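Peer 1: One structure, pasted below without further comment.
What follows draws every value from the coordinates through simple rules; no lab data is involved. What you see is a predicted model; the values in this text were computed from it and never measured. A quick note on method: Cβ atoms are made from the backbone with ideal geometry, for glycine too, and the neighbour counts reach across all protein chains shown.
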Amino acid sequence: MRLRGGGRLVIGAGTQIDRDAQLQVLAGRLEIGPGGHVGPGAILVARHSIVIGRDVLIAEYVTLRDQDHRFGFDPPTARNGFVTAPIRLGDNVWLGAKVTVLKGVTIGNNVIVGANSVVSRDLPDNVVAVGAPARVIRRLVAPEPRR
């Protein structure tokens, strides 16, 4: 874990962070809701804001970064700063192995993102999405309550 520049990290009750996961809060805010799991090798970097809901499963080697480098010639990219936009994940989200979520994305509640997908646009509630870029392939329907 790395916090600097006034960064704020909040981890909800019962959330598990596996070995080799990297949580970096660089003047931003990272909030992980209760009952979740961050898998081994996951990288979460917040310069602006990453807010993760309840009961979210983040598999191994998932990457969430709420920033991109500004690029250019003068000043060079390495000294040109960052462009940031918040990332939001709803409740009951499952990000499969090696998923990447880019800056500015909101993922709704009850969403599954398949392994190796790149999420570059918002995803609505109750869907399965896969691919690079991720696209919705199926809608999820909640089961009828038992009588």
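Peer 1: Where both residues lie in segment 64-135, what percent of DSSP beta bridges are antiparallel, nearest 5?
Peer 2: Around 30 percent antiparallel, to the nearest 5.
Peer 1: May I ask what percent, to the nearest 5, of DSSP beta bridges between residues of the chain are antiparallel?
Peer 2: Beta bridges within the chain, antiparallel portion: roughly 15 percent.
Peer 1: Taking the Cβ of Gly5 as the centre, find all other residues whose Cβ is under 15 Å away and add up their charges (Lys, Arg: +1; Asp, Glu: -1).
Peer 2: +4
Peer 1: Can you tell me how segment 1-87 classifies by the Cα gyration tensor, rounded, prolate or oblate, using a/c under 1.5 as the rounded cut?
Peer 2: Prolate.
Peer 1: Any number yet on Rg/Rh for the chain, C-alpha, Kirkwood?
Peer 2: On the Cα set of the chain, Rg over Rh gives 1.01.
Peer 1: Starting from the Cα of Phe71, step 7 Å along the direction of its Cβ; do the same at Arg19; then give the gap between the two resulting points in nm.
Peer 2: The two pseudo-label positions are separated by 3.7 nm.
Peer 1: How far, in nm, would the chain grow between Ala78 and Arg2 when pulled straight, counting 0.36 nm per residue and subtracting the alpha carbon separation?
Peer 2: The Ala78-Arg2 span can extend by a further 25.3 nm.
Peer 1: Rounded to the nearest 20 debye, what is the charge dipole size of segment 75-147 about its Cα centre when +1 sits on each Lys and Arg Cβ and -1 on each Asp and Glu Cβ?
Peer 2: The dipole of segment 75-147 has a size of about 100 debye.
Peer 1: Still on this model: Can you check what the net charge comes to around Thr106, using other residues whose Cβ is under 10 Å from the Cβ of Thr106 (Lys, Arg +1; Asp, Glu -1)?
Peer 2: Every neighbour counted, the sum reads +1.
Peer 1: What net charge is computed for the residues neighbouring His37, neighbours being all others with C-beta under 13 Å from the C-beta of His37, Lys and Arg scored +1, Asp and Glu -1?
Peer 2: Local charge sum for His37: -1.
Peer 1: Pairs of alpha-carbon atoms within less than 8 angstrom and 6+ residues apart define the contacts here; what relative contact order does the chain have, in percent?
Peer 2: Taking the mean separation of contacting Cα pairs over the length of the chain, I get 14 percent.
Peer 1: Please sort 138-147, 73-82, 10-19, 46-55 by packing, taking for each peptide the average over its residues of neighbouring beta carbons within 10 angstrom, highest first.
Peer 2: Packing proxy ranking, top to bottom: 46-55, 10-19, 73-82, 138-147.
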